[in-house]
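What follows is a single structure, written as structure tokens, with notes after it.
Quick note: the coordinates plus some simple rules give every number you see, no bench work behind them. Note that this is a predicted model, so its numbers are computed, not measured. Counting neighbours? That spans all protein chains shown, and the Cβs are built from the backbone with ideal geometry, glycine included.
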Amino acid sequence: MIEMTSARTLWAMHPAALGQLLAQASVGALLPEALRNLASLGGAQARAPADPVRDGATLIVPLNGPLSPKGSYGGTSSEKFSDVIRAAAGDDKVGVTVVHIASPGGMVWGTQEAADAAYEHRQVKPIVAVASPYAFSAAHWIATQCSAFYASTSGEVGSVGVRCGHVDMSGFEDKIGMKTTLIASSPQKIAGHPYAPLSDEDRAQMQAEIDEMNQVFAAAIARGRGIAPSAVAGLHGEGQTFSSARAAAAGVTDGVMTLRDVVAKYGSSRNRLALMRRRAEAHRVLHSI
């Protein structure tokens, strides 16, 4: 069951969306193989990732659904997203890249690379993110690396933080008269396994991994938004979400704008140049302090 194999994976995803994703995957794992293949085929057709759209000098890049390596959960592939963003930065015909986000976040794996691709892009030309309607956790991470970050009128952002988990199957095994014994070359090879309660040592190791990656998350937000790392938790929160109006008022985003508004505004070369200058000046001021 994927609940067991993925619980210890580090996630940067809205908790409700993650719970639903893991529950659906767990139920799917219980289906006979023929039915599972049929269900996955239909799902793949229904959730085919959208392709970038060109509008003059504007490239609109979608970031939809769960973010994961290879698009494993039917959403956006972090590798493909990074490749598209890097290609846009080097394309002379692209004046601005707009990242259209409708994502609850996803796996930590691949997110840092995707965020770095967005940050590198903005050193060359503007890249603007718009949460339409939401950009949570890993998607929020990526959006903060762009030249500007907006949320649509009814949009929502936030859910900053990292989590993982542990599934204890020992009680279930007792009920069905089953006992699993793991044999490994060292205790670390089976650390946190699901066939016994989580040990204090393994819990401490998992917490250390979460804390380490959460620091990377916060450092990226600080870099992207031009603020001190110590200010990230106070502004962007530690798991809570923000309406577009609250996010704009607090400085979490740069304002409330729909995708249509963003495309119209940054279709102007004058506005693109002004954005680049504004970000360059903010970077200079931050590093002169």
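Provide the per-residue ³J(HN,Hα) series for segment 122-136, in order, calculated from phi with Karplus coefficients 6.51, -1.76, 1.60 and θ = phi - 60°, each as a whole number of Hz, with x at glycine and proline positions.
Per-residue couplings from phi come out as 5, 6, 9, 7, x, 9, 10, 9, 9, 7, 9, x, 8, 9, 10 Hz.
So how tilted is helix 33-46 from the main axis of the chain? Cα-based, degrees 0 to 90, rounded to 10.
10
For a Förster distance of 41 Å, can you work out the FRET efficiency between the beta-carbons of Ala208 and Asp261, rounded to the nearest 0.05? Mind dumping the intermediate values first?
Working: r = 43 Å, r/R0 = 1.05.
FRET efficiency, Ala208 to Asp261: 0.45.
Can you put Asp91, Asp51, Asp254 in order, fewest other beta carbons within 10 Å first? Working shown, then result.
On the way: Asp91 14, Asp51 10, Asp254 19.
So the ranking, lowest neighbour count to highest, is Asp51, Asp91, Asp254.
Size of the dipole of the chain about the Cα centre, Lys and Arg at +1 and Asp and Glu at -1 on the beta carbon, nothing else charged, in debye to 20?
Numbers: 26 positive and 25 negative charges, 223 e Å.
Magnitude of the dipole: close to 1080 debye.
Among Ile183, Ile190, Ile221, Ile227, what is the fewest-to-most ranking by other Cβ atoms within 10 Å?
In increasing order of surrounding Cβ atoms, one gets Ile183, Ile190, Ile227, Ile221.
Roughly what would the spin-label model give for Ala184 and Glu120, points 7 Å off Cα along C-beta, in nm?
3.4
With r as the distance between the Cβ atoms of His283 and His166 and R0 = 45 Å, compute the FRET efficiency 1/(1 + (r/R0)^6) and round to 0.05. Working shown, then result.
Numbers: r = 41 Å, r/R0 = 0.92.
The formula returns an efficiency of 0.65 here.
For Cα extents along the principal axes in Å, pick the label among [x] 71, 48, 35; [y] 71, 44, 34; [z] 80, 75, 31 that corresponds to the value derived from the coordinates.
[x]
Could you point to the residue in Ile85, Ala131, Gly106 farthest towards the positive end of segment 83-161's charge dipole, with +1 and -1 charges on the Cβ of Lys/Arg and Asp/Glu respectively?
Ala131
Apply 1/(1 + (r/R0)^6) to the Cβ-Cβ distance of Asp51 and Glu173, taking R0 = 35 Å, and write down the FRET efficiency to the nearest 0.05. It would help to have the intermediate numbers written out before the result.
On the way: r = 46 Å, r/R0 = 1.32.
Efficiency computed from Cβ-Cβ geometry: 0.15.
Over segment 207-274, what is the relative contact order in percent, taking alpha-carbon pairs closer than 8 angstrom and at least six residues apart? Mind showing how you got there, number by number?
Working: 27 pairs, mean separation 9.9, N = 68.
Result for segment 207-274 is 15 percent.
Only counting other Cβ atoms within 10 Å, I'd like Arg86, Arg163 sorted with the fewest neighbours first. Show your work: numbers first, answer last.
Numbers: Arg86 16, Arg163 19.
Neighbour counts put them in this order, fewest first: Arg86, Arg163.
Counting helices only, and only those DSSP H runs with n ≥ 4, report the 222 nm mean residue ellipticity of the chain as the sum of -39,500 (n - 2.57) divided by its residues, in deg cm²/dmol to the nearest 500.
That comes out to -14500 deg cm²/dmol.
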